[in-house]
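So the structure is just underneath, and the comments pick up after that.
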Amino acid sequence: MSGNAFTSLLNLQPKPFTIITFVTRMGTASKTCSVILRLSELISAAVVAGIVGRYLYLLSSANAHASSRIIYAVVIAGIAILASLILLPPLKYSFYCLGLDFTLFICWMVAFGLLCNLTISGGCGSFWYWNSWGYYWGRYWYTIPQSSITQSVVGRAGCSEWRATLAFSFIGGWCWLLSGFLSRGYTYA
């Protein structure tokens, strides 16, 4: 080993933290994980917004009113779509959004809880489900007045869509939390 190489090894000092060192520390794996999580957030929010938006359209067609829980879920889905589109490119700013990621995780978990609470008594057999979601999703308002609707008439109309709404609101929330953990590693690195 030459004298220059040996003295340079002895004089190792930590480099100051700059933007250049930040970009070099961000590996390909973390950028890839970030894009995958942001795409998952976007897809989950789009599914929830699409299904709940269809339900709101059916309510509007029947001149009925929506529950505030349904409105909350579609608003959170819209905010999540916008945020995930802005944060999708794996640029420096997308790794500094720990607060936003955690906030949207909490909002999604609240939306999931509120939606689950609508059908907690029996899933697709609960009173709210067959009196509201299934009734309007199956378009029974055309032929049967709501006062004479029963569970046996509605059956399971729209049940898979309701379960997909619950599942994607839960999955989307956890994707936001994982994105927050990923960004936390770079915020404090």
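The values are calculated or read from the model by the stated rules, or taken from the named source; none is laboratory data. This one's a predicted model, so the numbers in the text were calculated from it and none came from an experiment. Please note: Cβ atoms are built from the backbone with ideal geometry, for glycine as well, and neighbour counts cover all protein chains shown. With ligands, DNA and RNA removed, areas are computed over all heavy atoms of the protein, side chains included. Shrake-Rupley method; radii C 1.70, N 1.55, O 1.52, S 1.80 Å.
Some values worked out for this structure:
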| read-out | value |
| --- | --- |
| Every residue from the range 90-126 that is assigned to a loop (DSSP other than H, G, I, E, B), free of Cβ contacts under 8 Å to residues at least 24 places away in the same chain and not aliphatic (A, V, I, L, M) | SER121, GLY122, SER126 |
| Search result, residues across the range 57-78 that are closer than 18 Å to TYR140 by Cβ, assigned to a helix (DSSP H, G or I) and open to solvent by 40 Å² or more (accessible area, probe 1.4 Å) | TYR57, SER60, SER61 |
| Inter-residue pairs, beta-carbon under 7 Å, first modelled with pLDDT under 90 and in the range 167-189, second of a type outside the set (A, V, I, L, M, F, W, C) and surrounded by fewer than 20 Cβ atoms within 10 Å (Cβ to Cβ), 6+ apart | LEU182/SER30; SER183/TYR96; THR187/TYR96; ALA189/ARG25 |
| One residue from SER30, SER44 being part of a helix (DSSP H, G or I), surrounded by 17 or more Cβ atoms within 10 Å (Cβ to Cβ) and either among the polar types (S, T, N, Q) or modelled with pLDDT of 90 or more (or both) | SER44 |
| Condition met for ILE81 (surrounded by fewer than 17 Cβ atoms within 10 Å (Cβ to Cβ) and closer than 14 Å to SER169 by Cα) | no |
| Count of residues meeting criterion [open to solvent by less than 30 Å² (accessible area, probe 1.4 Å) and either among the hydroxyl-bearing types (Ser, Thr, Tyr) or within 16 Å of SER68 (Cα to Cα) (or both)] in the range 119-140 | 7 |
